[in-house]
Amino acid sequence: MSPSLSTLVPIAVSSAILVAGVVDDLRSRKFHNWLFLTCAAIAVIAVVVMNGPAGMLMGLLGFAAGFALLTPLVLMRVIGAGDMKLLAAFGIVAGWEAVLTVSIAALLWGAVFGLVRTMLRGEIKTLASNMFSIAVLKERQGLTLQTMPFTVAILMGWLTHLVITGVL
């Protein structure tokens, strides 16, 4: 049985939002506010067209979930605010349940990407030293920290969600 239009449109719009975020992040190392506003507007339009104004309650829950789940990580400077805004725009059309599973999967993907990157750069000793400083000494100053485009991990989290839910 092929998926219905009411299933395909949210998946397509959600995927497009995340791909736009990844492209912007890879090009500029940030998710621009103009793109956030554009993605959020497209998500709102998709929700209203597919579900009417009543569908916006679920959209608002998804939006809030995107902010709520990633705000602590932004405040700890683990991820950037753009990643949080991308997940919030995505949440408008994908819903809070998808935001939850995508967030968890994205954190796992981000950890895998970070570990692989560290190993490829031969920086395992630095990683171990950093982990010791943070976990035991509760100290972050003077550490050699890596940055990476977390939007890629979010997109991989979405693909993981689609596999888990049987869409892919």
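Just one residue in the set ILE79, ILE92 is open to solvent by less than 50 Å² (accessible area, probe 1.4 Å), part of a helix (DSSP H, G or I), in contact with a helix residue (DSSP H, G or I) (Cβ under 7 Å, 6 or more places away or on another chain) and β-branched (Val, Ile, Thr); that residue is ILE92.
The criterion of being part of a helix (DSSP H, G or I), within 24 Å of VAL102 (Cα to Cα), open to solvent by 80 Å² or more (accessible area, probe 1.4 Å) and modelled with pLDDT of 85 or more holds for VAL163. Can you find a residue that is open to solvent by 50 Å² or more (accessible area, probe 1.4 Å), of a type outside the set (A, V, I, L, M) and not in a helix (DSSP H, G or I) anywhere in segment 36-54? For segment 36-54, residues open to solvent by 50 Å² or more (accessible area, probe 1.4 Å), of a type outside the set (A, V, I, L, M) and not in a helix (DSSP H, G or I): absent. Residues that are closer than 30 Å to MET58 by Cβ, surrounded by fewer than 12 Cβ atoms within 10 Å (Cβ to Cβ) and touching a helix residue (DSSP H, G or I) at 6+ places or on another chain (Cβ under 9 Å) do not occur anywhere in segment 135-146.
The values are calculated or read from the model by the stated rules, or taken from the named source; none is laboratory data. None of these values were measured; they are calculated from a predicted model. Counting neighbours? That spans all protein chains shown, and the Cβs are built from the backbone with ideal geometry, glycine included. Side chains included, ligands, DNA and RNA excluded: accessible areas come from the protein's heavy atoms. Shrake-Rupley method; radii C 1.70, N 1.55, O 1.52, S 1.80 Å.
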